[in-house]
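Chemist: What follows is a structure written as structure tokens; I'll ask about it next.
The values are calculated or read from the model by the stated rules, or taken from the named source; none is laboratory data. Note that this is a predicted model, so its numbers are computed, not measured. All Cβ positions, even for glycine, are placed from backbone atoms using ideal geometry, and neighbour counts span all protein chains on display. Accessible surface is based on the protein model in full, side chains and every heavy atom, while ligands, DNA and RNA are left aside. Shrake-Rupley method; radii C 1.70, N 1.55, O 1.52, S 1.80 Å.
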Number of protein chains: 2
Amino acid sequence: MKKILSIIVCLCFLSSLWAQENISIGTRQKMYSPILKENREYWVYLPPSYNALGLSKTSYPVIYLLDGAENFQSVAAIQQWLSKGPYTHIPEMIIVGIVNTDRTRDLTPTQSSIQRNGKTLFANSGKGDNFIAFLKDELIPEVSRNYRTQDYRILIGHSFGGLMAIQILLKHTELFNAYVALDPSLWWDNKRLHNEAADILTRKDFRGRSLYLAQASDEAAMSKDTALSVHWATIKNFSANVLPQSAKAGLLYQSEYYEQEDHGSIPIPATYDALRFIFKGITLPVKNLPDNPALITQHYHAVSSRIGFQLIPSEQLLNDIARYCMSLEKWQSARTILEMNLKNYPGSTSATALLKELQKK
Amino acid sequence: MKKILSIIVCLCFLSSLWAQENISIGTRQKMYSPILKENREYWVYLPPSYNALGLSKTSYPVIYLLDGAENFQSVAAIQQWLSKGPYTHIPEMIIVGIVNTDRTRDLTPTQSSIQRNGKTLFANSGKGDNFIAFLKDELIPEVSRNYRTQDYRILIGHSFGGLMAIQILLKHTELFNAYVALDPSLWWDNKRLHNEAADILTRKDFRGRSLYLAQASDEAAMSKDTALSVHWATIKNFSANVLPQSAKAGLLYQSEYYEQEDHGSIPIPATYDALRFIFKGITLPVKNLPDNPALITQHYHAVSSRIGFQLIPSEQLLNDIARYCMSLEKWQSARTILEMNLKNYPGSTSATALLKELQKK
């Protein structure tokens, strides 16, 4: 008995050493989905301030990421980098990477198998509606229960995931605030979604919704692969002729062509650009703030009304800018900024401490 | 005693649970540096194939990353993404992120303090030579001892780190094969390195060395900050007038201006572009290989002679392409590719298994 206990202690100790020296970027979470009738895994990234000592327990927008396991690391890195102060290009956000079990089944809106080289491809496709119900009724509520989330959600999808992102934008518009479709498989099922889109985009209200559409280079031009060339031409037409029809519906969109990127490589540069597009205008002119702290409110007001959601600067960011003003002996500006911070984060101990420091000047 | 033991078991068990559910991208390593007379931490990322079952134990080029803690996550993500097959844009590499203790001391080549707002800045600068000796005589040998490394090394540095990258390129050229300088602080010490560069670049042999220089937008134009405007103008002049003088010295270089990026945001897009620049030509025209497998050798030969270092395609990549040929019933091409793989990785069990599968056809 004693021996077994010793072995357990040793194993656990080794394992805890392993934990200490590992560089972790998130955690694996599991849930059972009654809708999909299976266990699902999702990976969660929390921004550095989430559990930081001395900062208020605030809430965060959430990025939902399709093909979670493949894209989690890069989106977390982009998010971490772009949200760093003082030149923040996006707010700090929680990332939820949805790990696939059967991506063809989940990410395609309709059933459509294809015969190629004597084999049936995509036989198990077309259960996208089930997957959307899982997102809406199970995953999003689960994440909201377990983490401090704001009601601002971004959906990022690549390839079949991009098809799913556009499907949700068109048919379940309210589910997310912003959509990122990376080289989406709009060729699916004889371009069905592409063909339905024009009508929906003129009919429905898309105010407060954003879409970033990224298209990779034309691989078909080199290889003369018919399927690839339909893939390319469909996105091209969607971007050039279908999306512009949403003008009156209020959809905020941008589409970019990435000539240097192929279908596989496009996610990193396009996700980077997409997140910057969504929060365009959020970056503060830091050097001008000591003379004009009112620019902070103006900036955040402008970006909030652009995206239809009230964003406020992070507690850390305003503390840092106040400290910057103090280093230039711009006491009044520092005070204004710290009071703004206390209004945004009532009871903020960090802003209160800095205000006390100010009183000594 | 029993109680204490139980508590230890519990704590260790909890900690091991924590380890299991964490998403890890690398490990923290420690070493004592007799040269710097201090403990140094470095973070290590190993590519997925490093410990993969069924693949040969091969060796890898190494990326050395300055400001390691800040940049590790994003460079690891970019590396992981761009080296994924079948369209690989860079080889799989080990990443070593060097964590700072005193970055001003280590990354500046000369002592140069500055008075600003009544304070002395950079008082402890100018110990760059010590840091270079640490890299050369301690860190690189330590990494080579502990990991399966190839003698192809890339140095990536941002800001002061970019200054250090150019210092090493000019003064210790052989230490790395490729250098990435992200918005480097060439203004340092009255542009001393910038001023020395032209002479060195015409005099020394830079064949087999690459440099990617990235410049951020002109923040000074907005804020009228004199220091910032010297920073910007110095890189601009280095890129436009100094670097071209290396034409006869054989330096392979590219310099890019990132108008949309500021000094803080430039690392992600520029590192992405830099790695693609260094290994330009490595991406295989996958769709054409079933008809012409000789293109693989041609491509790798071209990129190897461009960078002056022999690269070979990864074992996994050739297996995957062979499988692709088999799916199209191009048996002879599959055989040629697998035999190439066996020649590159003698005794490869995965290539041997696939060749056996082929014999049944």
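Chemist: Just checking, which of B:272, B:258 is under 30 Å from residue B:76 (Cβ atoms) and away from chain A (no Cβ under 11 Å)?
Modeler: Numbers: B:272 fails: away from chain A (no Cβ under 11 Å).
Going through B:272, B:258 in turn, the sole match is B:258.
Chemist: Further question on the same structure: Please enumerate the residues belonging to the stretch A:322-339 that are within 14 Å of chain B (Cβ to nearest Cβ), surrounded by 18 or more Cβ atoms within 10 Å (Cβ to Cβ) and assigned to a helix (DSSP H, G or I).
Modeler: Hits for the stretch A:322-339 are A:324, A:325, A:326.
Chemist: Does residue B:226 meet the test of being touching a residue at least 24 places away in the same chain (Cβ under 8 Å) and either hydroxyl-bearing (Ser, Thr, Tyr) or under 27 Å from residue B:309 (Cα atoms) (or both)? Even if it seems obvious, please write down each step before you answer.
Modeler: Values: touching a residue at least 24 places away in the same chain (Cβ under 8 Å): no; either hydroxyl-bearing (Ser, Thr, Tyr) or under 27 Å from residue B:309 (Cα atoms) (or both): yes.
No: the conditions fail for residue B:226.
Chemist: Are any residues in the stretch A:171-214 under 21 Å from the mean Cα position of the chain (by Cα), farther than 15 Å from residue A:128 by Cβ and open to solvent by 10 Å² or more (accessible area, probe 1.4 Å), and if so, which ones?
Modeler: Selection gives A:174, A:177, A:207, A:208, A:209.
Chemist: Shifting gears a bit: Within the stretch A:303-314, track down each residue that is without any contact (Cβ under 8 Å) to a residue 40 or more places away in the chain, open to solvent by 10 Å² or more (accessible area, probe 1.4 Å) and not small (Gly, Ala, Ser).
Modeler: Residues satisfying the conditions are A:310, A:312.
Chemist: Here's something else I'd like to know. Report, by residue number, each residue of the stretch B:303-314 that is more than 19 Å from residue B:291 (Cα to Cα) and outside any helix (DSSP H, G or I). Steps first, please.
Modeler: From the stretch B:303-314, those more than 19 Å from residue B:291 (Cα to Cα) are B:303-312, B:314; that's our starting set.
Correct list: B:308, B:309, B:310, B:311, B:312, B:314.
Chemist: State whether the residues of the stretch A:143-161 include one that is open to solvent by 10 Å² or more (accessible area, probe 1.4 Å), over 17 Å from the mean Cα position of the chain (by Cα), of a type outside the set (Asp, Glu) and within 18 Å of residue A:35 (Cα to Cα).
Modeler: no
Chemist: I'm checking my understanding of the structure. Among residues of the stretch A:340-361 that are open to solvent by 50 Å² or more (accessible area, probe 1.4 Å) and not in a helix (DSSP H, G or I), which one is nearest to residue A:327 (Cα to Cα)?
Modeler: A:361
Chemist: Hey, among the residues in the stretch A:27-38 that are more than 11 Å from chain B (Cβ to nearest Cβ) and free of Cβ contacts under 8 Å to residues at least 40 places away in the same chain, which one's least open to solvent (accessible area, probe 1.4 Å)?
Modeler: Within the stretch A:27-38, the first condition is being more than 11 Å from chain B (Cβ to nearest Cβ), and the residues that meet it are A:31-38.
Applying the additional criterion that residues be free of Cβ contacts under 8 Å to residues at least 40 places away in the same chain yields A:32, A:37.
Working: A:32: 124, A:37: 152 Å².
Once the filter is applied, the top-ranked residue is A:32.
Chemist: Does residue A:106 satisfy being among the charged types (D, E, K, R), in a helix (DSSP H, G or I), within 23 Å of residue A:181 (Cβ to Cβ) and open to solvent by less than 10 Å² (accessible area, probe 1.4 Å)? Before the answer, list the steps.
Modeler: Working: among the charged types (D, E, K, R): yes; in a helix (DSSP H, G or I): yes; within 23 Å of residue A:181 (Cβ to Cβ): yes; open to solvent by less than 10 Å² (accessible area, probe 1.4 Å): yes.
For residue A:106, the condition - among the charged types (D, E, K, R), in a helix (DSSP H, G or I), within 23 Å of residue A:181 (Cβ to Cβ) and open to solvent by less than 10 Å² (accessible area, probe 1.4 Å) - is met.
Chemist: List the number of the failed condition for residue B:217; all other conditions in (1) under 26 Å from residue B:90 (Cβ atoms); (2) within 14 Å of chain A (Cβ to nearest Cβ) hold.
Modeler: Evaluating residue B:217 over (1) under 26 Å from residue B:90 (Cβ atoms); (2) within 14 Å of chain A (Cβ to nearest Cβ) leaves (1) as the failure.
Chemist: Let me ask another. From A:317, A:295, A:284, which residue is touching a residue at least 60 places away in the same chain (Cβ under 8 Å), within 14 Å of chain B (Cβ to nearest Cβ) and assigned to a helix (DSSP H, G or I)?
Modeler: Details: A:295 fails: touching a residue at least 60 places away in the same chain (Cβ under 8 Å); A:284 fails: assigned to a helix (DSSP H, G or I).
Matching residue, one of A:317, A:295, A:284: A:317.
Chemist: Which ones in the stretch A:52-70 are within 14 Å of another protein chain (Cβ to nearest Cβ) and either open to solvent by 10 Å² or more (accessible area, probe 1.4 Å) or in contact with a helix residue (DSSP H, G or I) (Cβ under 6 Å, 6 or more places away or on another chain) (or both)?
Modeler: Taking the stretch A:52-70 as the starting set, the residues that turn out to be within 14 Å of another protein chain (Cβ to nearest Cβ) are A:65, A:67-70.
Selection gives A:65, A:67, A:69, A:70.
Chemist: Looking at the stretch B:67-100, which of its residues are of a type in the set (A, V, I, L, M, F, W, C) and over 22 Å from residue A:268 (Cα atoms)?
Modeler: Hits for the stretch B:67-100 are B:98, B:99.
Chemist: Of the conditions (1) closer than 25 Å to residue A:131 by Cβ; (2) open to solvent by 10 Å² or more (accessible area, probe 1.4 Å); (3) among the small types (Gly, Ala, Ser), residue A:24 clears all except one; give me its number.
Modeler: Exception for residue A:24: condition (1).
Chemist: Considering only the stretch B:275-324, state which residues are of a type in the set (D, E, K, R), in contact with a helix residue (DSSP H, G or I) (Cβ under 9 Å, 6 or more places away or on another chain) and farther than 24 Å from residue A:268 by Cα.
Modeler: Within the stretch B:275-324, B:291, B:315, B:323 qualify.
Chemist: If residue A:17 meets every condition in (1) more than 8 Å from chain B (Cβ to nearest Cβ); (2) surrounded by 13 or more Cβ atoms within 10 Å (Cβ to Cβ); (3) at pLDDT 95 or above apart from one, which number is that one?
Modeler: It is condition (3) that residue A:17 fails.
Chemist: Which ones in the stretch B:75-91 are part of a helix (DSSP H, G or I) and open to solvent by 10 Å² or more (accessible area, probe 1.4 Å)? Walk me through how you get there before you give the answer.
Modeler: Going through the stretch B:75-91, the residues part of a helix (DSSP H, G or I) turn out to be B:75-82.
Correct list: B:80, B:81.
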